[in-house]
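So the structure is just underneath, and the comments pick up after that.
The values are calculated or read from the model by the stated rules, or taken from the named source; none is laboratory data. Just so it is clear, the model here is predicted, and its values are computed rather than measured. Here the Cβ is made from the backbone with ideal geometry for all residues, glycine too, and neighbour counts use every protein chain on show. Ligands, DNA and RNA are stripped out before the accessible areas are found, and what is left, the full protein with its side chains, is counted by its heavy atoms. Shrake-Rupley method; radii C 1.70, N 1.55, O 1.52, S 1.80 Å.
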Amino acid sequence: MLENWVVVPTCLPVVLRRCHTCGSGRFRANGKFRVNANHKLLDVWLLVRCIACGDTAKITIMERVNVRAVRRELLDRLHENDLGLAAELLQDPAVLRRNHVSLDWEGAWRLDTGSPCHEDFRDVSVHFEARIPLRPVRLIAEGCGLSRGEVERLIEEGKVLSAVRLHGKVSGDFTFTLKR
């Protein structure tokens with residue numbers, strides 16, 4: 001029987017970037033956008049606030065884009081400060097690269113495993129609702145109620161099998177088999 005686990009984001013991740021005011025490196029996004037029109041050109045930023053001093057910084061989303069090139073529904077979502085849109089944009093690798101920032105997902109996700117199963121053999125499919133980089137060992141340990149050391153031991157003994165590399169981080173769907 002195949003079990004389905006889901007990695008679900010619970011809030012927006014912390015944005016890692018140096019604060020120009022206090023030197024801290026952690027910002028929290030709250031889904032607020034700043035949209036600025038200069039004649040027919042549009043600039044859009046996602047506003048983030050320093051966790052230490054409260055200073056506001058901007059993450060560039062669009063820069064000098066013709067207003068007619070922006071879909072109406074996207075523009076409406078920007079004006080409404082759509083939290084879902086902020087989450088989508090923070091996961092966009094191009095936005096992260098352009099702004100020289102990265103994300104810290106610690107405490108911003110949960111693993112939904114359904115009902116706990118205590119079988120000796122199980123096939124598990126793990127689905128990510130967001131691109132959250134996590135170690136499969138951590139997910140397996142949390143989902144099965146084991147310590148990470150026990151999971152490492154099971155991997156070494158060949159009792160945890162997967163097509164993906166179980167050491168390192170993954171942010172996409174994968175499956176594994178656990179034999180105890």
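Observations, loosely collected:
- Scalar couplings 3J(HN,Hα) for the range 15-28, obtained by applying the Karplus form with A = 6.51, B = -1.76, C = 1.60 to θ = phi - 60°, are 8, 9, 6, 6, 7, 6, 8, 10, x, 5, x, 10, 10, 10 Hz; x denotes Gly and Pro.
- For Thr175, the residues whose amide H sits under 5 Å from its own are Val126, Ala163, Val164, ignoring neighbours fewer than 5 places away on the same chain, with H placed 1.01 Å from N.
- If the chain linking Asn38 and Asp76 were pulled fully straight, counting 0.36 nm for each residue of separation and taking away their Cα-Cα distance, it would gain 11.9 nm.
- For the range 40-169, the dipole from Cβ point charges (+1 on Lys and Arg, -1 on Asp and Glu) about the Cα centre works out to 680 debye, to the nearest 20.
- The chain, accessible surface, carbon-and-sulfur percent (1.4 angstrom probe): 48
- Surface per residue (accessible, 1.4 Å probe) for the range 39-136, Å²: 59
- The alpha carbon centroids of the range 48-78 and the range 113-180 are separated by 37 Å.
- Those lysines that a straight Cα-Cα span of less than 28 Å connects to Lys179, excepting residues fewer than 8 apart in one chain: Lys159, Lys169
- Simple label model, 7 Å out from Cα along Cβ direction - Val67 to Ala87, nm: 3.1
- The ellipsoid equivalent to the alpha-carbon distribution of the range 56-110 has semi-axes of 23, 15, 9 angstrom, derived from the gyration tensor eigenvalues as √(5λ) and listed largest first.
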